[in-house]
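Read the structure below first, then the notes.
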Amino acid sequence: MAASKVYSGLCREHANEEARAWYASGSPAALARRGRAIAYRRSLVPIPTWWAEEVRAAFDRLCAYGCGRRGDTWDHIWPVSKGGVSAPGNLAPACGSCNSSKKNTEPTPWVERGLSAFPSQWLNLWDLAVQTGHDDWCSWNEAPWSTATVLTDSLEGAI
């Protein structure tokens with residue numbers, strides 16, 4: 001067998017078989033590698049762990065869209081398929097149901113839903129999106145609400 005067809009002492013067929021078995025084992029290293037491979041193919045960057053924990057805690061570990069379920073996935077507010085990035089300011093914790101229902105649709109109705117349940121948290125995401133330049137989803141011209149209106153409504157409810 002030609003040396004070009006041998007990888008780490010195994011032919012391509014057996015090397016692939018060994019790799020598939022390793023991925024199927026479900027070991028933490030295999031899962032991490034799979035996640036990095038998927039992220040690389042989608043041109044995504046890893047989410048900073050400290051930020052992820054901070055945001056999940058701010059939303060009480062619930063779905064940011066206000067359905068009341070546990071927010072155990074990350075939703076790209078502005079979809080990756082429309083040019084959104086995997087970066088703070090374009091990510092919100094979401095339950096699997098809301099995340100898959102939203103798909104790559106216009107985010108405004110979903111943001112409005114979340115804003116009614118978590119006004120200050122969504123305003124923080126909004127501010128972060130504007131500061132970091134990942135604000136495709138928060139165009140003042142398209143959104144039927146504004147920071148001033150939301151703050152006024154939130155303060156009136158608190159008094």
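The values are calculated or read from the model by the stated rules, or taken from the named source; none is laboratory data. As the structure is a prediction and not an experimental result, all values here were calculated from the model. We place every Cβ from the backbone using ideal geometry, glycine too, and count neighbours over all the protein chains shown.
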Pairs under 6 Å by beta carbon, first residue outside any loop (DSSP other than H, G, I, E, B) in segment 130-143, partner buried (at least 17 other Cβ atoms within 10 Å of the Cβ) and modelled with pLDDT of 50 or more, six or more apart or different chains? Thr132/Gly89
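Find the residue count for segment 89-109, including only residues that are farther than 10 Å from Cys63 by Cα, assigned to a helix (DSSP H, G or I) and in contact with a Phe, Trp or Tyr (Cβ under 7 Å, 6 or more places away or on another chain). Spell out how you get there, then give the answer.
Within segment 89-109, the subset farther than 10 Å from Cys63 by Cα is 89-91, 100-109.
Remaining after also requiring assigned to a helix (DSSP H, G or I): 100-102, 108-109.
Pick out the ones that are also in contact with a Phe, Trp or Tyr (Cβ under 7 Å, 6 or more places away or on another chain) and you get 102.
Selection size over segment 89-109: 1.
Residues are listed down the side, and each one gets a yes or a no for (1) of a type in the set (A, V, I, L, M, F, W, C); (2) over 17 Å from Leu115 (Cβ atoms); (3) surrounded by fewer than 14 Cβ atoms within 10 Å (Cβ to Cβ):
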| position | (1), (2), (3) |
| --- | --- |
| Ala29 | yes, yes, yes |
| Ile38 | yes, yes, yes |
| Arg41 | no, yes, yes |
| Ala58 | yes, no, no |
| Arg70 | no, yes, no |
| Leu91 | yes, no, no |
What is the one condition in (1) among the charged types (D, E, K, R); (2) at positive phi; (3) in contact (Cβ under 8 Å) with a residue 12 or more places away in the chain that Asp60 does not satisfy? (3)
Filter result for Trp22 (under 24 Å from Asp127 (Cα atoms) and not hydroxyl-bearing (Ser, Thr, Tyr)): no
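Hey, among the residues in segment 43-63 that are part of a loop (DSSP other than H, G, I, E, B) and modelled with pLDDT of 85 or more, which one's nearest to Trp126 (Cα to Cα)?
Phe59
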